[in-house]
Amino acid sequence: MNTIMRKSVLGIAGLAFAGGIAAGPAMHADTTSVESVKPVAAVQADKPGVDKAKLIPHGVQGEQSRIDLNDEQVENVKAIIAATKKSDMDERAAVVAIATALQESKLENLGHLGDRNDHDSQGLFQQRPSSGWGTVEQITDPEYSTKAFLKGLKQVDGWQDMPLTKAAQTVQVSAYPFHYAQWEQQAADLVAEHWNS
């Protein structure tokens, strides 16, 4: 039985091979040259990539969280990245800023939330006018609030060598200092996606 099955399989394989040879020339009747077909990736070829090793140099800490973003949140990501570049800071600074904004506001530019508000905190980074971050109008402007956060980050000696949560906490002085770490992977993914867009 085993021999009969093996002969059948070999016979079928032989027919398929012979059919492929016979059909070969007919398949090449198309005169489209390979050079005229442009790969989709060629459009992106001139766009430099992000050095992903710079995004998470210390590895992520703890369990990671992730949320789906709407158009407004994506625009806020792009605003944070643009402000980071204007502040002459690198991709890692953008990761720290985006992870911080993910924790503080889920990347929503929040106004005063009434009873649900943490004191007078507002904007992407939940900065407080009473703590000297700026006026309500300023801290609810994504560019201003990002630059204010990054100015604070620049003043943290060695922030580049710190775990993300420690760098963010040193600027933010949050009651929940370890919560920033959970957003590092999503923040890095967003920077990789939008840094050169």
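The values are calculated or read from the model by the stated rules, or taken from the named source; none is laboratory data. Please read these numbers as outputs of a predicted model, since none were measured by experiment. Backbone-built Cβ (ideal geometry, glycine too); neighbour counts: all protein chains shown. For accessibility, only protein heavy atoms count, side chains too; no ligands or nucleic acids. Shrake-Rupley method; radii C 1.70, N 1.55, O 1.52, S 1.80 Å.
One table, with the values for the structure above:
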read-out	value
Unmet requirement for Phe149, which otherwise passes all of (1) farther than 23 Å from Pro57 by Cα; (2) in a helix (DSSP H, G or I); (3) not charged (D, E, K, R)	(1)
Enumeration of residues in region 154-173 that are polar (S, T, N, Q) and free of Cβ contacts under 8 Å to residues at least 60 places away in the same chain	Gln155, Gln169, Thr170
Answer from Gln44, Gln61 - the residue that is modelled with pLDDT under 95, surrounded by 12 or more Cβ atoms within 10 Å (Cβ to Cβ) and on the phi < 0 side of the Ramachandran plot	Gln61
Considering residues of region 104-133 that are open to solvent by less than 20 Å² (accessible area, probe 1.4 Å) and at positive phi only, the residue modelled with the highest pLDDT	Leu107
Odd one out for Asp88, checked against (1) touching a helix residue (DSSP H, G or I) at 6+ places or on another chain (Cβ under 6 Å); (2) open to solvent by 30 Å² or more (accessible area, probe 1.4 Å); (3) not in a helix (DSSP H, G or I)	(1)
Any hit, region 144-157, residues being surrounded by fewer than 14 Cβ atoms within 10 Å (Cβ to Cβ), farther than 17 Å from Gln73 by Cα and either at pLDDT below 90 or polar (S, T, N, Q) (or both)	yes
